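The values are calculated or read from the model by the stated rules, or taken from the named source; none is laboratory data. Owing to the predicted nature of the structure, the values given are computational and were not obtained by experimental measurement. So basically every Cβ, Gly included, is an ideal-geometry build from the backbone, and we count neighbours across all protein chains shown.
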Amino acid sequence: MAVLKQAYHMFRLFMGTFTDILERTSVDHLKVRLEHFFSRYLQTVPWERCDILDVFNGIQFLPLDKNMYLRTQCFLNQTEANFPQVKYTAFLYNDALVWSGLEQDDIRILFKYLTTSLFPSCLESEMQAVQTSPYSTRTATERPSTGHYGKFITGPPNLNDTSLGKIPRIFVNTQGTKTDECNLLVYRALSASICLMVEGSYQLNLDFCRAVDQFLGPQLTVLASDMGEQYSKRLSNSGDSMKYIYFNHMNLAEKSSVHADVSKRAASTSIPPEIVKLMSDVQADLIM
């Protein structure tokens with residue numbers, strides 16, 4: 001049932017609610033959209049790795065000290081002030097959420113899409129490009145000619161080209177009085193990613209993307225570097241001797257010392273899968 005709900009929420013994120021579709025078109029058109037979406041989406045679901053984390057469907061948050069958190073929030077506020085076309089923002093580091101301006105239901109499913117689909121596919125493409133590139137011997141510490149490490153994950157792959165690339169269109173605030181249709185621009189520097197949800201009525205263009213790159217690139221590179229130092233220190237000091245799965249239903253925070261990869265891109269747990277299944281059964285019995 002949990003995976004079924006996730007499937008609908010993913011459909012709603014990219015296609016809108018059934019009600020919105022029916023108001024604009026017809027039942028036949030809704031059927032076409034359902035067929036188009038689910039015929040592709042269901043092939044990507046890792047059925048064999050579904051467990052209690054799918055029941056919780058939570059969000060992994062990045063623990064930061066207050067100064068770093070405030071720096072991040074101020075940076076995002078500046079971004080929204082400089083680009084009024086941006087309606088919502090979200091900030092992630094190393095597949096963990098730092099801040100989001102979306103409602104819980106919206107960031108929950110967007111986080112799922114980013115960490116299980118967009119980021120892994122982007123990483124795979126980068127690895128293939130490095131292996132096939134004649135310049136693959138270049139070290140990671142060498143700074144690019146732009147002076148920063150920022151680039152678009154969704155959006156123009158080359159700002160000197162004429163193509164805007166692939167920019168997903170998403171539907172958020174679906175529980176409100178009016179659904180917001182936005183273009184999802186994702187920009188990354190090092191391990192930090194910013195999601196810019198641009199108003200759907202605004203016609204995206206290369207000039208806008210170049211302005212975003214010039215503003216975000218240098219600042220995000222510095223912020224990501226500083227955040228990486230703090231993250232590394234916390235990682236070296238955190239030795240989880242106990243095995244646990246934590247979920248807070250108030251803010252959807254999720255943490256697991258059982259799963260080597262909380263996004264479950266790889267089937268790796270530190271306890272037998274039978275124990276994980278037993279935990280799911282116990283949790284289901286407790287909420288009945």
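Give me a count of the residues in the range 230-270 that are modelled with pLDDT under 70 and among the β-branched types (Val, Ile, Thr).
Initial filter on the range 230-270 (modelled with pLDDT under 70): 236-241, 260-270.
Restricting the remaining residues to those that are among the β-branched types (Val, Ile, Thr) gives 262, 269.
Counting residues in the range 230-270 that are modelled with pLDDT under 70 and among the β-branched types (Val, Ile, Thr) gives 2.
Inside the range 153-210, can you point out the residues that are free of Cβ contacts under 8 Å to residues at least 12 places away in the same chain and either in contact with a Lys or Arg (Cβ under 7 Å, 6 or more places away or on another chain) or of a type in the set (Val, Ile, Thr) (or both)?
Of everything in the range 153-210, just one residue is free of Cβ contacts under 8 Å to residues at least 12 places away in the same chain and either in contact with a Lys or Arg (Cβ under 7 Å, 6 or more places away or on another chain) or of a type in the set (Val, Ile, Thr) (or both), namely Thr177.
State all residues of the range 83-95 that are surrounded by fewer than 19 Cβ atoms within 10 Å (Cβ to Cβ) and closer than 20 Å to Ser225 by Cα; if no residue qualifies, say none.
Asn94
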